[in-house]
Amino acid sequence: MRRPLAFLLPVCLVLPILAAAAQPASLASLDAVIDEAHEAGTFDGVVLVARGDSVIYRRAVGLADRESGRSYTPDTPQPWASITKQLTAVLMLQLVDEGHLTLSTPLSEVFPSARADGAGRVTMRHLLMNSSGLPTDLRQDDESALKRLLAAKLSFEPGSKFQYSNIDYLVLGQVIEAVTGQAYEDALQARVLDPLGMQGTALVHADQADPGLATGYLSGRRNRVRAVPPTRVAAFGAAGALAGPADDLFRFNRALLTDQLFPRALRDTMFTGDPALGYVGLSVWPYPRAVGDQRVMLIERQGFIEGYRGLNLLAPDEDLMLIVLANTNRADLSQTYATDGFSYQLLRAALQRSSESAP
């Protein structure tokens, strides 16, 4: 998983993050929410809360690997699943910023040999918003999938509806490779991971098992639990194969919120939801919610693959982030929008902690 930095990072970028991570704060309400979920058997993993450049809460509970008895630590890396899509979207927006393409560029312009009927109507924006109409029933690890996909009949008119699909982001990975002339993994390393010091984050490979990764667990009937090898996520590529620790996701979020990755205007575009498509933005879901007595604008990205669960939740106006990584499918991270469940209770406690930490 870990790769050496290609260059020395600016001291001003690294020091605030490292200093913050070294001073975790505790709050009884956050501890209580985590303890209750852990004792109920629905959460093993890591919770990180940050306000601005400061990590104000950082805690790990439970086991990263039940067979060996290895405990979770705040530094334990695990697959991020579809949180990967946020980083793929960032690469695309960097290419837009550099003038290589636009959000309106059709697939047929990137792949001239593709049949124009479908590929000529599907744009980068459609792919980023899961509204492409590309069929979703092709094998994701088929070497000829892209060629067949671009020649296939569309399921619906691009932009007319939302249809969640890993295929759209696997295609975006191919777009990034075609435009940059680099493998997706190399482009990500050079443009995001190395510059931000995300040394513990990389793509999972099916033939390169990392013993340091958390193992995922699926609970079935009668609470029987089976392990899911991390290498099972490798086939998701640009749609879901990244793995890393919570601190690296914190570094990514800070860069995104402070315009280190591209200009603010593109970040605003990324964070703008389309009401006609269920308020999906470019790889994220922006929506307002009442949290306790506060009205908060949230930017949400979930990641679910088999036994892995992740939540990357930003409240930009409060300069707050909540990161949750779990290795059981029983972790309840999907009900924030409904103001219910484990993730919502964490958010309420995080906002309380953020308020207490404000100068």
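The values are calculated or read from the model by the stated rules, or taken from the named source; none is laboratory data. All values derive from a computational prediction rather than experimental measurement. Heads up, the Cβs are rebuilt from the backbone with ideal geometry, glycines too, and the neighbour counts pull from every protein chain shown. Side chains included, ligands, DNA and RNA excluded: accessible areas come from the protein's heavy atoms. Shrake-Rupley method; radii C 1.70, N 1.55, O 1.52, S 1.80 Å.
Please find, among Ser155, Ser160, the residue that is over 26 Å from Ala64 (Cβ atoms), among the polar types (S, T, N, Q), surrounded by fewer than 19 Cβ atoms within 10 Å (Cβ to Cβ) and in contact with a Pro (Cβ under 8 Å, 6 or more places away or on another chain).
The unique qualifying residue is Ser155.
Identify all residues within region 261-294 that are out of contact with any helix residue (DSSP H, G or I) (no Cβ under 8 Å at 6 or more places or on another chain) and farther than 28 Å from Pro158 by Cα; write none if there are none.
Scanning region 261-294 gives Arg289, Ala290, Asp293.
Determine which single condition Pro229 fails, assuming it passes every other condition in (1) within 29 Å of Leu314 (Cβ to Cβ); (2) open to solvent by 50 Å² or more (accessible area, probe 1.4 Å).
Exception for Pro229: condition (1).
Taking Gly200 as the residue in question, decide whether it is touching an Asp or Glu at 6+ places or on another chain (Cβ under 6 Å) and not hydrophobic (A, V, I, L, M, F, W, C).
Yes: the conditions hold for Gly200.
Failed condition for Tyr279, given (1) touching a Leu at 6+ places or on another chain (Cβ under 7 Å); (2) open to solvent by 60 Å² or more (accessible area, probe 1.4 Å), with all others met?
That leaves (1) as the condition not met.
Of everything in region 180-204, what is open to solvent by less than 20 Å² (accessible area, probe 1.4 Å), in a loop (DSSP other than H, G, I, E, B), touching a residue at least 60 places away in the same chain (Cβ under 8 Å) and not small (Gly, Ala, Ser)? Give them in sequence order.
Of everything in region 180-204, those that are open to solvent by less than 20 Å² (accessible area, probe 1.4 Å), in a loop (DSSP other than H, G, I, E, B), touching a residue at least 60 places away in the same chain (Cβ under 8 Å) and not small (Gly, Ala, Ser) turn out to be Asp194, Leu196, Thr201, Val204.
Name the one entry in Thr102, Thr88, Thr136, Thr123 that is closer than 18 Å to Ser283 by Cβ, of a type in the set (S, T, N, Q) and within 19 Å of the chain's Cα centre (by Cα).
Answer to the check: Thr88.
Looking for something of a type in the set (A, V, I, L, M), modelled with pLDDT under 95, open to solvent by less than 40 Å² (accessible area, probe 1.4 Å) and outside any loop (DSSP other than H, G, I, E, B) - is there at least one such residue anywhere in region 255-269?
So far as region 255-269 goes, no, none of its residues is of a type in the set (A, V, I, L, M), modelled with pLDDT under 95, open to solvent by less than 40 Å² (accessible area, probe 1.4 Å) and outside any loop (DSSP other than H, G, I, E, B).
Which of the following residues is aliphatic (A, V, I, L, M), open to solvent by less than 20 Å² (accessible area, probe 1.4 Å) and part of a strand (DSSP E or B): Ala243, Ala214?
Ala243
What do you reckon, is Leu48 among the hydrophobic types (A, V, I, L, M, F, W, C), open to solvent by less than 30 Å² (accessible area, probe 1.4 Å), at pLDDT 95 or above and in a helix (DSSP H, G or I)?
Criteria not met by Leu48.
Exactly one condition in (1) farther than 23 Å from Ser165 by Cβ; (2) at pLDDT 95 or above; (3) of a type in the set (Gly, Ala, Ser) is not met by Gly220; state its number.
Condition (2) is where Gly220 drops out.
Which condition does Arg289 not pass, out of (1) farther than 20 Å from Thr88 by Cβ; (2) in contact (Cβ under 8 Å) with a residue 60 or more places away in the chain; (3) surrounded by fewer than 23 Cβ atoms within 10 Å (Cβ to Cβ); (4) of a type outside the set (Gly, Ala, Ser), if it passes all the others?
Here Arg289 meets the rest and fails (2).
Taking Leu249 as meeting all but one of (1) free of Cβ contacts under 8 Å to residues at least 12 places away in the same chain; (2) farther than 24 Å from Phe162 by Cβ, write down the number of the exception.
Against the list (1) free of Cβ contacts under 8 Å to residues at least 12 places away in the same chain; (2) farther than 24 Å from Phe162 by Cβ, Leu249 comes up short only on (1).
Touching a Gly at 6+ places or on another chain (Cβ under 9 Å) and of a type in the set (A, V, I, L, M): is that true of Val122 in this structure?
The answer is yes for Val122.
Where residues in region 316-348 are out of contact with any helix residue (DSSP H, G or I) (no Cβ under 6 Å at 6 or more places or on another chain) and aliphatic (A, V, I, L, M), which of them is surrounded by the most Cβ atoms within 10 Å (Cβ to Cβ)?
Selected residue: Ala326.
For region 234-247, indicate whether the set of residues that are among the acidic types (Asp, Glu) and either farther than 30 Å from Pro316 by Cα or touching a Ser or Thr at 6+ places or on another chain (Cβ under 9 Å) (or both) is non-empty.
So far as region 234-247 goes, no, none of its residues is among the acidic types (Asp, Glu) and either farther than 30 Å from Pro316 by Cα or touching a Ser or Thr at 6+ places or on another chain (Cβ under 9 Å) (or both).
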